[in-house]
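Below you'll find the structure, written out as structure tokens, and then a few comments.
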Amino acid sequence: MSYYYRYNFTSPEIVYSTVKEELKSYFDTGAVDDLLFPTYLDKCLRKLGRATYVISEAALYVEDFQARLPDNFFAVREAWFCTDVNGFPYQSANSFYSQAASETTIQVSPVITNQVPCNSNCPPDSCTCMPDIIQAVYKTNNQSAVSYRKQYLLKPGNISVRRHCDVSYTNDWELYQESPPTNQFTPASSSYDSFDIRDNKFVTNFRNGLVHLVFYATDYDEMGNQLIPDNYRIREYVEAFIKYKVFETLTNQTNDETFNQLQTKLVYYKQLADEAFIMADIEIKKQDAYAKQRRIKNDLNRFNMYELPNRVNRYGWRRNN
């Protein structure tokens, strides 16, 4: 299992507002607009790499060798083949309040039905007492069964030609569980445990199963803007790149400024964007405290395999984990 750092993501509206306010004269006159800001943001994130995307997890139920990918899927980070295990169910953190009872509900506000004493001045024989009814409120918590465990990591492969081949061979994989997997049992694939991404489908070599997918996702805010990492260097790069593209647009139009003036500004902001990209690229490659600890332990334990097992005078030697 790999380790990764999770960024906090925020809306790019702050960056958009900063650019439009600092270049206010150009936007007020209508020389440029913010129509291509989402496109410029997508270019920045793609140039920085997948580290700027949200890391999400999902369970894919494979049926007939394929499963549908999530709507916000961008790229695969890890794909684990899972096996069923007998586990205890766990209660979900979400609650649903309703006025109808079921088997998994508890009564929050009880129903009170009692006879109200007659306080009127009518004769006792003719007085009709109405019951006081309070509507009950039920709290529902669903339960989910934890019934799978990560078994081994799937490998990316090319099995796109599976639709043109006979798939009866996949019924024979259980006969060869004891032997090492070879390509003779999985034609049209690079390995026995490979997968393929095609037509928004996750395609595998096994007919039915469960895959735990860790993937890079594209997440959006309520305005439809793609979220960006809440990192100073990344936000500065996005801002500088958008300003550079704004002046690149202005150089291709006719306006009050001369071409030499716009060209000077274009070169200046392009230099700022390139410098901001270098700083942002360095920032996303930095190691956090936990990554440094793992690297130190790996360096200390690197030569442990060469220790002689029958030595008794290992002064000062210890396992560094």
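Things worth noting here:
One line per residue, one yes/no per condition, for (1) of a type in the set (A, V, I, L, M); (2) at pLDDT 90 or above; (3) under 26 Å from R77 (Cα atoms):
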{"site": "L210", "(1), (2), (3)": "yes, no, yes"}
{"site": "P229", "(1), (2), (3)": "no, yes, yes"}
{"site": "R233", "(1), (2), (3)": "no, yes, yes"}
{"site": "I278", "(1), (2), (3)": "yes, yes, yes"}
{"site": "Q287", "(1), (2), (3)": "no, no, yes"}
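- Remark: pairs (first residue in the range 1-22, at negative phi; second residue among the hydroxyl-bearing types (S, T, Y); Cβ separation under 8 Å; 6+ apart in sequence or on different chains) = Y3/Y290; Y7/T52.
- Residue match in the range 242-257 (condition: within 26 Å of the chain's Cα centre (by Cα), in contact (Cβ under 8 Å) with a residue 24 or more places away in the chain and in a helix (DSSP H, G or I)): yes
- Sole exception among (1) modelled with pLDDT under 90; (2) assigned to a helix (DSSP H, G or I); (3) touching a Ser or Thr at 6+ places or on another chain (Cβ under 9 Å) for C44, by number: (1)
- Considering the range 21-31, and only residues there that are part of a loop (DSSP other than H, G, I, E, B) and at pLDDT below 90, the residue that is farthest from T249 (Cα to Cα) turns out to be T29.
- Scanning the range 2-60 for residues that are β-branched (V, I, T) and touching an Asp or Glu at 6+ places or on another chain (Cβ under 7 Å) yields T10, V15, T18, V19, V54.
- Checked against (1) in contact with a Gly (Cβ under 6 Å, 6 or more places away or on another chain); (2) modelled with pLDDT of 90 or more, V62 passes all but a single condition, namely (2).
- Residues located in the range 60-92, provided they are closer than 19 Å to K201 by Cβ and either in the same structural domain as F241 (by TED's automatic domain parsing) or exposed (fewer than 12 other Cβ atoms within 10 Å of the Cβ) (or both): Y61, E63, D64, D71, A75
- For the range 47-59, the tally of residues that are farther than 20 Å from N200 by Cα, not in a loop (DSSP other than H, G, I, E, B) and not polar (S, T, N, Q) stands at 3.
The values are calculated or read from the model by the stated rules, or taken from the named source; none is laboratory data. Because the structure is predicted, anything quoted here is derived from the model rather than measured. Glycine gets a Cβ as well: all are built from the backbone with ideal geometry, and neighbour counts include every protein chain shown.
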